[in-house]
1. Tell me the volume per residue, in Å³, of the convex hull enclosing the alpha carbons of the protein assembly as shown.
2. Specify the angular offset, from 0 to 90 degrees and rounded to the nearest 10, of the alpha carbon long axis of helix A:111-128 from the longest principal axis of the alpha carbons in chain A.
3. Which listed residue (B:LEU84, B:ILE43, B:LEU70) has the Cα farthest towards the positive end of the charge dipole for chain B, taking +1 on Lys and Arg C-beta and -1 on Asp and Glu C-beta about the Cα centre?
4. Identify which of B:LEU44, B:LEU70, B:LEU61 has the largest mean-square fluctuation in a Gaussian network model of chain B, with springs joining Cα atoms closer than 10 Å.
5. Calculate the dipole size of the protein assembly as shown relative to its Cα centre from +1 charges on Lys and Arg beta carbons and -1 charges on Asp and Glu beta carbons; express the result in debye to the nearest 20.
6. Using helices alone, what [θ] at 222 nm do you get for chain A, with -39,500 (n - 2.57) per DSSP H run of 4 or more residues, divided over all residues and rounded to the nearest 500?
7. Helix B:50-70 sits at what angle to the longest principal axis of chain B, using alpha carbons and giving 0 to 90 degrees rounded to 10?
8. What would the Debye equation give as log₁₀ I(q)/I(0) for segment B:1-123 at q = 0.10, 0.21 Å⁻¹, counting only Cα atoms as equal point scatterers?
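Readers should treat all values here as calculations from the given coordinates under stated rules, not as data from a laboratory. From a predicted model like this one, the values you see are computed outputs, not experimental measurements. Cβ coordinates were reconstructed from backbone atoms using ideal geometry, including for glycine residues, and neighbour counts include every protein chain displayed.
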Amino acid sequence: MSSSHSLHLKTYCMLLIMVLFAPLGNVLLGKGMRSVGSAVSWTPSQLPHILSLVLKSGYIWLGIASLLTFFVAYMLILSWADFSYVQPASSITLLVVALLGYFYLGERISPLHWAGIVIICLGVFVVGNTPPRTTEAR
Amino acid sequence: MLEALLLFLVVVSGTGGEICVTRAMKRVGEVTDFRPLAIARVILRAMKVSWMWIGISMMALAFFSLLAVLSIENVSFVVPITALNYAAGALGGKFFLGERVTPRRWAGVLIVCVGVTLVWLGKR
């Protein structure tokens, strides 16, 4: 196996981890927070109690673990791949969040909402495909 | 109203935190040695820069705001809205860090804003 081939393989594995774990983390946080109750009815005196509920939720901890996994993969991939390559590729995470929300959490998503998500992904793709460094190193 | 305030905090405080951390890390200097001991030294040095602590506090505020808004709204609504980070990041990068934002990046930011508007309207 050539070194360029193995570099590609390594990059795709890391991208796959990023694209799976960032949305999974957010979805798990969402599921955990749903069991805590809506913030609309929170009062300041309840906050310590709510914080203890949050810290006792297994879903929240799984969510944080998933986001940390994403973060480590993100840091590792940035050590060899360009930011302007990684950021557009990771725009797909927004679409994965919506798919997980739809299929796993049973959230309702209107056609306009789907269109918005696809356009946001496109926008992130365009943003990311620009030079990552425009200032001189100090 | 509360959800709009919380989303605002997620975006502005999150991006503000990242900008402060960037400022702190630029002051620490470019990391060229990736051995564990050298990285530990970089972290220790970064912890002495006050921008780092401001940044970490703002990012913590953004995280708890995210948790609060997730208790009200669907994750498929909240996460796409947080893509406004790219708009806040472009503005913050330009005005606080003196970065040059290319027309192409502004175009991307504009497309993100259009998408966020559609997601917002699609929920109603």
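1. Hull volume normalised by residue count: 154 Å³.
2. Between the helix axis and the principal axis of chain A, the angle is about 40 degrees.
3. B:ILE43
4. Fluctuation is largest for B:LEU44.
5. Working: 20 positive and 9 negative charges, 81 e Å.
Dipole magnitude for the protein assembly as shown comes out near 380 debye.
6. Working: 6 runs with 103 residues, N = 138.
Using -39500 (n - 2.57) per qualifying helix, the result is -25000 deg cm²/dmol.
7. Once rounded, the angle reads 30 degrees.
8. -0.39, -1.14
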